[in-house]
Amino acid sequence: MSISPNVPSPEESYRYESTGTPRWISVLFGVVIALLVVLGVAGYSTQTRLTQDLARQQDQNKILTAQLDQANSRVADLKSQMEITLQRVGLTQSEIARAKSRAETILKEQQAADQKLTAELSKAQKENEEKIGAVATEVGGAKKDIEATKSDLEATKGKLERSLGDMNVMSGLIAHNRDDLDELRRRGDRNYYEFTLQKSKNAQRVGPVQMSLNKTDPKKAKYTLTVVADDKTIEKKDKTSGEPVQFYVKGSARMAPYEIVVFDVGKNQINGYLATPKDGGATAPAAAPAATPASTATPTKP
């Protein structure tokens with residue numbers, strides 16, 4: 001069998017394959033290409049992100065530049081206004097120095113005036129304190145006199161009081177003893193007739209009326225008496241010492257009642273006074289001829 005000259009023999013084929021590109025080089029070349037593709041994609045992504053960041057930074061720079069321009073414009077305006085103000089004021093350094101010197105001079109003059117005024121005020125205050133001390137001494141003495149008078153008035157006020165009488169009429173000031181009665185006489189508000197009335201069936205004249213003592217109860221400080229006035233006989237039964245015993249008579253001004261106040265209630269006698277209005281009162285009837293007064297009544301007018 002003859003072999004064609006264009007077909008290689010087995011030995012030639014082997015030699016041809018052995019002289020070709022190794023297979024691992026092809027694999028390595030593929031890996032390199034893949035890496036290049038990955039790096040290209042990553043680089044593109046990074047470049048895109050950097051481009052976006054750069055664009056944003058440029059926008060911010062534009063905003064800051066605009067704000068800076070506005071600030072520069074305001075500074076320029078303020079500077080211009082300041083220059084105009086300085087021009088209007090027209091103060092030079094020498095004028096400011098003169099004004100400062102004048103202010104210091106005025107301050108020194110004011111301080112001197114203040115010191116002088118303080119000295120005068122201290123002197124006047126000392127004189128006033130001396131005068132006030134003298135006046136205070138005088139006022140202290142007057143105050144003591146006033147307090148003493150006030151104490152006397154308070155003491156008298158404590159002794160002299162008003163009370164509701166047996167006819168439910170508010171009485172005048174009531175005396176509880178002869179000292180209180182003397183005080184009432186000094187006041188002169190009413191007529192006062194002091195009496196000492198003995199137990200008797202016969203009436204006794206006391207001021208403008210007649211009275212007779214019927215009964216006494218010293219333990220309970222109670223008594224019963226009869227009053228004769230305006231041709232009327234009025235019995236006041238079981239009255240208590242210090243109680244205003246009231247009755248009316250004809251002609252008493254403004255219908256003010258007469259009042260009997262007894263100080264002491266003894267076994268057969270009572271001591272007290274009769275108070276009548278100053279501007280009117282009835283005249284008591286004459287006592288019976290057979291009556292013999294057991295004691296005398298002392299009519300007293302202030």
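Descending by average beta-carbon neighbour count within 10 Å, the peptides 209-221, 51-63 line up as 209-221, 51-63, the highest first. Counting Lys and Arg as +1 and Asp and Glu as -1 over every other residue whose Cβ lies under 12 Å from the Cβ of A55, the net charge comes to +1.
A crude spin-label estimate for the pair Q47 and D59, with each label 7 Å from Cα along the Cβ direction, gives 2.3 nm.
Is the range 217-273 rounded, prolate or oblate when judged by the Cα gyration tensor, a ≥ b ≥ c being the square roots of its eigenvalues, rounded requiring a/c under 1.5 and prolate requiring a/b larger than b/c? Judged from the Cα gyration tensor, the range 217-273 comes out prolate (a/c at least 1.5, a/b above b/c).
Rounded, prolate or oblate: which one fits the range 171-275, using the alpha carbon gyration tensor with axes a ≥ b ≥ c (rounded when a/c is under 1.5, else prolate when a/b beats b/c, else oblate)? Oblate shape, in that a/c is at least 1.5 and b/c is the bigger or equal ratio. Ligands, DNA and RNA aside, T65 has an accessible area near 70 Å² when probed at 1.4 Å.
Of the whole protein surface, S163 contributes about 40 Å² of accessible area at a 1.4 Å probe radius.
The values are calculated or read from the model by the stated rules, or taken from the named source; none is laboratory data. On a predicted model such as this, the values are computed, not experimentally measured, just so you know. Counting neighbours? That spans all protein chains shown, and the Cβs are built from the backbone with ideal geometry, glycine included. Quick note on the areas: whole protein, heavy atoms, side chains included, nothing else; ligands and nucleic acids left out. Shrake-Rupley method; radii C 1.70, N 1.55, O 1.52, S 1.80 Å.
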